[in-house]
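Enquirer: I'd like to ask some things about the structure below.
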Amino acid sequence: MANVIDITGLPPERIVFSPSPLAELGAALHALSEPGHHPGLHGWVTATSSALKTDLADRLCEADFLWRSARSDLLLPARPGAALADELDAMDTIDDERFVAAAFEITCSISYARCTPSPLVDAAERARVREMAAARGPRQAAFTDRMLTDPDGLRIWLRRLFEDCEEAFFGDIWRRVGMQLAADARHKTELLRRKGLAETLAATSTALSLESGPGGGARILVDKLAGGRTTAFEHTDDPGVTLVPTSFGWPHLLVSHAPGWRPVIQYPVASPELPAPATLELVHQRLDALAHPMRMKLCRSLSRGPHTTGELANAFGITSPEVSRHITTLKKAGLIQTRRRGRYVLHQLDAPVRAPGPPLRRAARPAAPLVPGPGLLLVAG
């Protein structure tokens, strides 16, 4: 499956590579809430989590559905700013109905690509988001009720939360990685100018590719479990596609393609160091588990992010019991992790065993892993 971004007729200068402080903060918050999926960041996660004040940690827990399992579109700005304050100012200009709808559209359901009413004005949508929040826990349910009843007050609360994160830990992070992300964006921009979009996408991520469309058209394909379609002209006042580098994102590749929003892709610029090789016996067991084509498809999808049994069954047209049998085999081989989140059971590929990863391409300038750590000055390769 793939998300398709139609770029037919789009001028090359409308494909923009740019770092975003807000998107990087979202990636960092995701890593803090899901440390098991980011093995190269364990040291940073441990140090940062232990240094958080109790009040800030509690508030992050309240709002974590915005970045834990999926990333809210609010955290992927189409026009990145130079500083976090600039992007928060831009976020403040979004009207309440659009803001709240974007905050709660954080699942990979098929409704994401359709125009749905805001929960502020539609009772059915309001009931849906309350049910989703209740499944995540009482703190998240309370947060949801506050946003539905007092969106202006909650928006002020959320901005203050991000500002407190900047003061507590993110300001130091951005000073260390922001310049390197900007350098990666400049390199990709130059590669786009010299080599064209197809080679630039291939150098950006193995999950990105360019496909010719009918009548001489062109489409960017983003390899993801949930399929979706959009166009670079979705935002009529600001057509284009924005690609945002992140030092925290591996192994995720995120794409925002909601109706009316300019498409945004967030891609990791480096992979963290992987653990020691598995034993020969375990390798044999894993090869046997992956011999079945359906299990290969499941692993490919779960490498992009966590999904429930039902989501996998719907995506591949098989029954939930069949998915469960395949998941059991993959778990025995140590390839899959499973955890419960409220009423949902989520499966995901165990990131440390996802080795050795794609080789570095000559077109993409080699860089040192951008793994932020306390007191560590990061240098580009």
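The values are calculated or read from the model by the stated rules, or taken from the named source; none is laboratory data. Here the structure is a predicted model, which is why all the values come from computation and not from measurement. Every residue, glycine as well, gets a Cβ built from its backbone with ideal geometry; the counts of neighbours run over all protein chains shown. All accessible areas refer to the heavy atoms of the entire protein, side chains included, with ligands and DNA or RNA removed. Shrake-Rupley method; radii C 1.70, N 1.55, O 1.52, S 1.80 Å.
Enquirer: So if I check each of Leu201, Leu197, which one is closer than 21 Å to Ala23 by Cα and of a type in the set (A, V, I, L, M, F, W, C)?
Expert: The match here is Leu201.
Enquirer: Sticking with this structure for a sec: Being modelled with pLDDT of 90 or more and within 23 Å of Leu302 (Cβ to Cβ): is that true of Pro268 here?
Expert: yes
Enquirer: Separate question: Being in contact with a strand residue (DSSP E or B) (Cβ under 9 Å, 6 or more places away or on another chain) and closer than 27 Å to Val121 by Cα is the filter here, so list the residues in region 76-101 that pass it.
Expert: Leu76, Pro77, Ala78
Enquirer: While we're here: Based on what the data block shows, is Thr242 out of contact with any helix residue (DSSP H, G or I) (no Cβ under 6 Å at 6 or more places or on another chain) and surrounded by fewer than 23 Cβ atoms within 10 Å (Cβ to Cβ)?
Expert: Considered against the rule, which asks whether it is out of contact with any helix residue (DSSP H, G or I) (no Cβ under 6 Å at 6 or more places or on another chain) and surrounded by fewer than 23 Cβ atoms within 10 Å (Cβ to Cβ), Thr242 comes out as no.
Enquirer: Output the residues belonging to region 184-202 that are at pLDDT 95 or above and under 21 Å from the mean Cα position of the chain (by Cα).
Expert: Asp184, Ala185, Lys188, Thr200, Leu201
Enquirer: Find all pairs meeting these conditions: Cβ atoms under 7 angstrom apart; at least six residues apart or on different chains; first residue within region 304-330 and part of a loop (DSSP other than H, G, I, E, B); second residue open to solvent by 40 Å² or more (accessible area, probe 1.4 Å) and of a type in the set (Gly, Ala, Ser).
Expert: Pro306/Ser69
Enquirer: Just one of the numbered conditions (1) touching a helix residue (DSSP H, G or I) at 6+ places or on another chain (Cβ under 9 Å); (2) closer than 30 Å to His38 by Cβ; (3) surrounded by fewer than 19 Cβ atoms within 10 Å (Cβ to Cβ); (4) in contact (Cβ under 8 Å) with a residue 60 or more places away in the chain is not true of Thr230; which one?
Expert: (3)
Enquirer: Take region 11-32 and flag every residue that is open to solvent by 20 Å² or more (accessible area, probe 1.4 Å), part of a helix (DSSP H, G or I) and over 12 Å from Leu192 (Cα atoms).
Expert: Leu32
Enquirer: Has region 132-152 got any residue that is among the polar types (S, T, N, Q), more than 23 Å from the chain's Cα centre (by Cα) and either part of a helix (DSSP H, G or I) or modelled with pLDDT under 75 (or both)?
Expert: yes
Enquirer: Listed residues Gln348, Gln285, Gln337; which is touching an Asp or Glu at 6+ places or on another chain (Cβ under 6 Å) and either in contact (Cβ under 8 Å) with a residue 24 or more places away in the chain or not acidic (Asp, Glu) (or both)?
Expert: Gln337
Enquirer: Related question: Just for region 41-59: of the residues that are open to solvent by 90 Å² or more (accessible area, probe 1.4 Å) and of a type in the set (Val, Ile, Thr), which one is nearest to Pro268 (Cα to Cα)?
Expert: Thr46
Enquirer: Can we say Arg59 is charged (D, E, K, R), out of contact with any helix residue (DSSP H, G or I) (no Cβ under 9 Å at 6 or more places or on another chain) and in contact (Cβ under 8 Å) with a residue 24 or more places away in the chain?
Expert: No.
Enquirer: Could you list, in sequence order, all residues of region 83-119 that are at pLDDT 80 or above, over 21 Å from the mean Cα position of the chain (by Cα), surrounded by fewer than 18 Cβ atoms within 10 Å (Cβ to Cβ) and not in a helix (DSSP H, G or I)?
Expert: The answer is Thr93, Ile94, Asp95.
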